[in-house]
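A.B. asks: Structure below; questions to follow.
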Amino acid sequence: METRKLNAALLILSVVLLGSCTKSVFKTTSDKLMKSWVYEKVTFEKNNSFGKEDVTTDYAGVVLTFNTDFTIDEVNSNTGLIRIGTWKVDYEQDDYATATGQTPVATEKLEGTLTDGINGAVYLLKWKSLSVTNSKIRAYEYKDDGTYCYTLVQK
């Protein structure tokens, strides 16, 4: 009888202790993004070319801040340019694998918009193969007749 009482008491204590925890051990990609980032390395490879061009200096002074309300701020301290917008993380399947009968692999992507605060121009963010740790982002974007490879680090 004493064993049952002890087991019941331990069960109640476990429920109370575990139920009072509010911090999740597992962070989603969106959770990891919600901070400020700077570009560490950016390369561009033009379609049908055999080399990558380092264009990191084009991104010097740019800080991207992914806010908890799913807005994004881009501030370029070198030019004074400020863009604001929205963002979300989603999944996509590899169309090539599907078309060739292979098992498609889902990867994360970041989609968003940035609006120029001066002229109102809207820029699209379409980062593919998104990989985010607590301190680094890696992603690809297809634009300007080629592929940009971004590596950002936490500011």
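Where a number appears in this text, it was derived from the coordinates with a stated rule and is not lab data. From a predicted model like this one, the values you see are computed outputs, not experimental measurements. We place every Cβ from the backbone using ideal geometry, glycine too, and count neighbours over all the protein chains shown.
A.B. asks: I want to verify the translational diffusion coefficient of the range 27-154 in µm²/s; compute it with Stokes-Einstein, Rh as the Kirkwood radius over Cα pairs, at 25 °C and 0.890 mPa s.
C.D. replies: Using the Kirkwood radius from Cα pairs, D works out to 157 µm²/s.
A.B. asks: Treating only the Cβ atoms of Lys and Arg (+1) and Asp and Glu (-1) as charged, compute the dipole magnitude of the range 27-154 about its Cα centre; round to the nearest 20 debye.
C.D. replies: In debye, rounded to 20, the range 27-154 gives about 320.
A.B. asks: Set the Förster radius R0 to 22 Å, insert the Cβ-Cβ distance between I82 and T151 as r into 1/(1 + (r/R0)^6), and round the FRET efficiency to 0.05.
C.D. replies: Step by step, r from the Cβ atoms, then E = 0.45.
A.B. asks: Which whole-angstrom value gives the distance between the alpha carbon centres of the range 102-135 and the range 25-80?
C.D. replies: Each part's Cα centre sits 10 Å from the other's.
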